[in-house]
């Protein structure tokens, strides 16, 4: 009886580990195919999808057993698998490029790359919003906007705009000190 219980426990544990690894790689591939925008620019809809996905894959990871042990095995396997993937990406840049992709320039030299924006599902309005968040009043003050590998958007302001903003800040500080 003891041998049978031990066999069932070991098979159940290895089954949970295998399920978790399969779900992990399914999600890595799925999010990679969904695009970088999904990772770096969460909307309320993206959050809903993330919560529903987490709920949907929970049973796939731990199976019908919803014990503390089953949950801990699944969580530990996710953490260990993620650690191994991060280490492999660090040691082998080709794996990193496959999983993370490349930087995508969306706006450069006064022109929007319509094909890149369409591929990443980013509108002109979203580019303008991102530019404003970085201190530009319009896209004319921007040198380049790029969607980074991790999903974040980088905005490089034109040099003269950056200097103008710095001078404006210095004037504001001078005025504040002068009024005291």
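Let's see how each residue does on (1) touching a residue at least 12 places away in the same chain (Cβ under 8 Å); (2) under 18 Å from residue 34 (Cβ atoms); (3) part of a helix (DSSP H, G or I); (4) not assigned by TED's automatic domain parsing to the domain that holds residue 31:
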residue	(1), (2), (3), (4)
116	yes, yes, yes, yes
129	no, no, yes, yes
132	no, no, yes, yes
140	yes, no, yes, yes
143	yes, no, no, yes
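Run residue 155 past the list (1) closer than 23 Å to residue 97 by Cβ; (2) at pLDDT 85 or above and report the number of the one that doesn't hold.
(1)
Of the numbered conditions (1) without any contact (Cβ under 8 Å) to a residue 60 or more places away in the chain; (2) in contact with a helix residue (DSSP H, G or I) (Cβ under 7 Å, 6 or more places away or on another chain), residue 81 satisfies every one except a single condition; which is it?
Of (1) without any contact (Cβ under 8 Å) to a residue 60 or more places away in the chain; (2) in contact with a helix residue (DSSP H, G or I) (Cβ under 7 Å, 6 or more places away or on another chain), only one is false for residue 81: (1).
Only one of 125, 100 is surrounded by 12 or more Cβ atoms within 10 Å (Cβ to Cβ) and under 28 Å from residue 34 (Cα atoms). Can you tell me which? If you could, list the steps in order and put the result at the bottom.
Values: 125 fails: surrounded by 12 or more Cβ atoms within 10 Å (Cβ to Cβ).
Exactly one of 125, 100 is surrounded by 12 or more Cβ atoms within 10 Å (Cβ to Cβ) and under 28 Å from residue 34 (Cα atoms), namely 100.
Yes or no: residue 73 in contact (Cβ under 8 Å) with a residue 60 or more places away in the chain, in the same structural domain as residue 33 (by TED's automatic domain parsing) and surrounded by 15 or more Cβ atoms within 10 Å (Cβ to Cβ)?
Numbers: in contact (Cβ under 8 Å) with a residue 60 or more places away in the chain: yes; in the same structural domain as residue 33 (by TED's automatic domain parsing): yes; surrounded by 15 or more Cβ atoms within 10 Å (Cβ to Cβ): yes.
Yes; evaluated as a whole, the condition is true for this residue.
Going residue by residue through the range 104-113, is there one that turns out to be under 19 Å from residue 30 (Cα atoms) and out of contact with any helix residue (DSSP H, G or I) (no Cβ under 9 Å at 6 or more places or on another chain)?
Checked against the condition, which is being under 19 Å from residue 30 (Cα atoms) and out of contact with any helix residue (DSSP H, G or I) (no Cβ under 9 Å at 6 or more places or on another chain), the range 104-113 yields no hits at all.
How many of the residues making up the range 95-117 are modelled with pLDDT of 90 or more, under 19 Å from the mean Cα position of the chain (by Cα) and farther than 19 Å from residue 156 by Cα?
Looking only at that region, the number is 0.
The values are calculated or read from the model by the stated rules, or taken from the named source; none is laboratory data. What you see is a predicted model; the values in this text were computed from it and never measured. Reconstructed Cβ throughout: ideal geometry from the backbone, glycine too, with neighbour counts over all protein chains shown.
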